[in-house]
Amino acid sequence: MPTPSPRPLEPHRSHRHAKRASRSIPASVATWHHDRHARRAEVPIRSMHEMTPAGFFIWLWGWIKATAFQWRKAPFPTHRQAPNNAIYTIPDECVIGIAADWGSGTAPALRVAEGIRSLAPDVTIHMGDVYFCGEPEEYERLFIGEPPGTDGSWPRGTTRPARPTDALPAYAMNGNHEMCGGGYGIFEHALPALGQKTSYFALENAYWRIVALDTGYTTPPNGVMQFFTDFLARISNGLPRANQEWLAQCVFRDPADKRPVVLLSHHQPLSAFEADYPVLRPQLAPFLDRVLLWFWGHEHRLALYEPVSLAGGVVRGRCIGHAGMPNPPEFPALSKSPWTSHVVATPPDGVGVRDPDDGALYSYCGWITFELRGRDLCVRYYNEDPVQDSVPFDPPKGPILEEVWSVGSDGVCAGRVTKCDGQMLRIWPSHTADDLVR
């Protein structure tokens, strides 16, 4: 269920909220301004407690106000409006920072942003959901930044495109929360700020292709319609027709192209913990034989799956929706889910960071990086570091998991796990970390 907004973000908080912000995150981490005192007073941070079910009725009222009379959506841009049909070139060697469900404005979310920034990636990708309703003012304050691109906003990569077909420093994907506000925040504010033409795109080099989808636009902007299509029937959160045509006519047009594909979507095609979105499976079925890995968000957790047969293909699923929203460090799998037995790794129960306001424990937030090294793709999974108290952040001590994939001249990939932190990851029964790369 979409999480409604308790109230619009204000440029300046009261003294009480400023004190809460400074307790929630070190002032030196909340880098909206260079002046330390101003950062303490003006960082638009939300308490973790505000983002949990404890504030459900406040959220519900805000969501109703945002969606009750919202019947229109921002126009959907198509690939014909973008250079090279929204397919961009990345170097054979580069680093890409990725997170999903990051736009909460919480202290852990800011630590995630600073952690990504500390690694100086070439490109960054946010996989959707700026909370609570993705409205323009939320995007301006929580994502774009004031001034744009500064610390505290979504981190931009270091690349500087020389041609229109080169990759941008940062990309934004669409989620269901963006569409609660009709999509105006992302389509009329975020994408122009990034120089991005479409909410779906592909990044490619000589060896790899990273394909990002828009599974949010089919979410109705009206709350009543959302209730039926999203929560009851589960018939939305698939691909718009233009996105499907782009896949068939542009991305997968050449059957001789053997480069492995890494798929990115906001919504999940399968889940052991929540209801999934079955409409995605037949839409992607014609292309899954060329997909090596599928990353998604939406669920506010980290959950990694072994290869599963899905819609005539094999999917290696990775849920990484844990970048900003607080989630209890408990991982109860659904007893009736056919995917429960395929879960390989999650964070361990009862391990995480405490809310400084009420002492509640939440799972660590985190992010991933793709490091492309010619024929090798290294995927690293990172946790936030709550003890970081200086800007710029020191680079993380190391990932909690690292998987490496190598593609042969025939397009066949072989994978291996090169690191697995047993204190930060729970390996589920009857599995080993190596099951992730079978």
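Quick notes on this one:
- Between Gly103 and Tyr131, the built amide H atoms are under 5 Å apart, and every one of these is 5 or more places off in sequence or on another chain.
- Over all distinct Cα-Cα pairs of the range 331-388, the Kirkwood formula returns a hydrodynamic radius of 14.5 Å.
- Listed from fewest to most Cβ neighbours within 10 Å, the set Trp63, Trp154 follows the order Trp63, Trp154.
- Cα-based equivalent ellipsoid, the range 297-438: semi-axes from gyration tensor eigenvalues, Å: 27, 21, 12
- The protection proxy used here, the mean number of other Cβ atoms lying within 10 Å of each residue, ranks peptides 303-311, 408-416 as follows, highest first: 303-311, 408-416.
- Part-to-part distance (alpha-carbon centres) for the range 355-406 and the range 55-129, which is given in Å: 18 Å
- The chain - Cys residues lacking any other Cys C-beta under 4.7 Å: Cys94, Cys250, Cys319, Cys365, Cys378, Cys413, Cys420
- Pairwise label distance in nanometres, Arg375 with Cys250, each label 7 Å out on the Cα-Cβ vector: 3.0 nm
- Using the Cβ-Cβ distance between Ser430 and Glu330 with R0 = 22 Å, the FRET efficiency computed as 1/(1 + (r/R0)^6) comes to roughly 0.60.
- Under 5 Å, built H, 5+ apart or other chain: amide partners of Gly157: Thr124, Ala170
- Relative counts (whole %) of C-alpha pair distances in the chain, using bins that are 20 Å wide: 28, 62, 10, 0
- Packing, taken as the mean count of other beta carbons within 10 Å per residue, orders the peptides 256-264, 312-320 from highest to lowest as 312-320, 256-264.
- Share of pairwise Cα-Cα distances greater than 14 Å in the range 157-232 is 66 percent (whole percent).
Only the coordinates and a few stated rules stand behind these numbers; no lab work does. This structure is a prediction, so every number in the text was calculated from the model and none was measured. Cβ atoms come from the backbone with ideal geometry, glycine included; neighbour counts cover every protein chain shown.
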